[in-house]
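The block underneath contains the structure these notes are about, expressed in structure tokens.
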Amino acid sequence: MRIPFVKMHGLGNDFVVLDGRAERLPRMTTTIAAALADRKTGIGCDQLIVLEPSAVATLKMRIFNQDGGEVEACGNATRAVGLLLGDAATIETLGGLLAVSPDVSGISVDMGEPRFEWDKIPLAYAMDTHHMPVAWDALENPTAVNVGNPHVIFFVSDCMGVELDRLGPEIEHDQLFPARINVNVATIESRDRIRLRVWERGVGETRACGTGACATAIGAMRRGLTDRRVTVALTGGDLVIEWSDQGRIIMTGPAAESFRGSFDSADYGV
């Protein structure tokens with residue numbers, strides 16, 4: 001059985017998209033997702049995206065990180081799926097319902113409202129998430145935000161100088177974060193611009209992370225470091241994040257299709 005796929009990316013954060021709406025796909029497992037995402041022996045991607053029918057939205061989107069773990073949300077993948085659909089739509093995810101629509105700057109996504117409660121991040125025990133009294137080497141006083149998936153954000157003078165390849169996995173797997181955590185290091189360049197690097201749980205450092213951009217922007221706005229509409233500059237390019245007067249996060253940015261293909265299900269144990 002050959003299964004078609006679409007390879008896509010949002011600012012270099014890349015995805016393999018499988019469409020199971022018209023024909024049901026075989027059951028996806030952690031092992032199969034990791035095999036497909038492997039860049040040496042599989043198709044290769046940061047996240048594997050599986051589209052399924054939904055009773056509450058236009059479609060359901062399941063997201064598997066490079067290590068095969070299923071996660072709640074992915075902003076860049078949501079834009080990519082929005083590009084595939086080509087029209088305004090609602091997308092069901094484990095992190096909640098997301099609304100997408102075409103925009104002159106690419107695809108706009110309503111990411112919903114941020115959550116700040118310690119048990120919604122989640123943390124292992126009660127703590128102020130606005131100014132967290134914790135540190136890892138020089139990374140200290142972070143803020144935590146859940147935007148469909150969990151993020152911790154450190155504001156530093158030079159995010160490019162942080163040893164993210166060393167500190168990222170250490171923080172990701174710290175016992176403070178029972179669901180693990182996405183790690184963001186950010187530098188405020190002006191009231192309307194943030195430079196950001198992201199260590200994504202189950203993936204590593206990525207060229208772009210849509211939810212990381214959202215969480216970092218909200219963390220900066222909450223601390224009064226920026227205005228309520230900012231450009232977040234990632235390695236792969238820029239995203240525009242707005243925190244609306246209604247409390248909702250609006251992310252706008254590009255997405256692109258790279259190529260289409262198919263694979264033999266037997267090669268991956270599907």
ask   = If you take just the strands (runs of 3 or more DSSP E) that sit entirely in region 164-229, which of them hold at least 2 residues that are of a type in the set (S, T, N, Q) and either outside the structural domain of residue 65 (by TED's automatic domain parsing) or over 23 Å from residue 79 (Cβ atoms) (or both)?
value = 182-190
key: Residues located in region 4-24, provided they are in contact (Cβ under 8 Å) with a residue 60 or more places away in the chain and either exposed (fewer than 15 other Cβ atoms within 10 Å of the Cβ) or farther than 26 Å from residue 252 by Cα (or both)   = 4
Conditions (1) more than 25 Å from residue 235 (Cα to Cα); (2) surrounded by fewer than 21 Cβ atoms within 10 Å (Cβ to Cβ); (3) touching a Lys or Arg at 6+ places or on another chain (Cβ under 7 Å); number of the one not met by residue 51 = (2)
task = Could you grab me the full set of residues in region 253-269 that are touching an Asp or Glu at 6+ places or on another chain (Cβ under 8 Å) and crowded, with 18+ Cβ neighbours inside 10 Å?
result = 253
query = Can you spot a residue in region 32-44 that is among the polar types (S, T, N, Q) and in contact (Cβ under 8 Å) with a residue 24 or more places away in the chain?
reply = no
query = Looking at region 225-238, is at least one residue out of contact with any helix residue (DSSP H, G or I) (no Cβ under 7 Å at 6 or more places or on another chain), crowded, with 18+ Cβ neighbours inside 10 Å and modelled with pLDDT under 95?
reply = no
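The values are calculated or read from the model by the stated rules, or taken from the named source; none is laboratory data. Treat the numbers as computed from the prediction; the structure is a model and nothing was measured. Here Cβ is always computed from backbone atoms with ideal geometry, including for glycine, and neighbour counts include all displayed protein chains.
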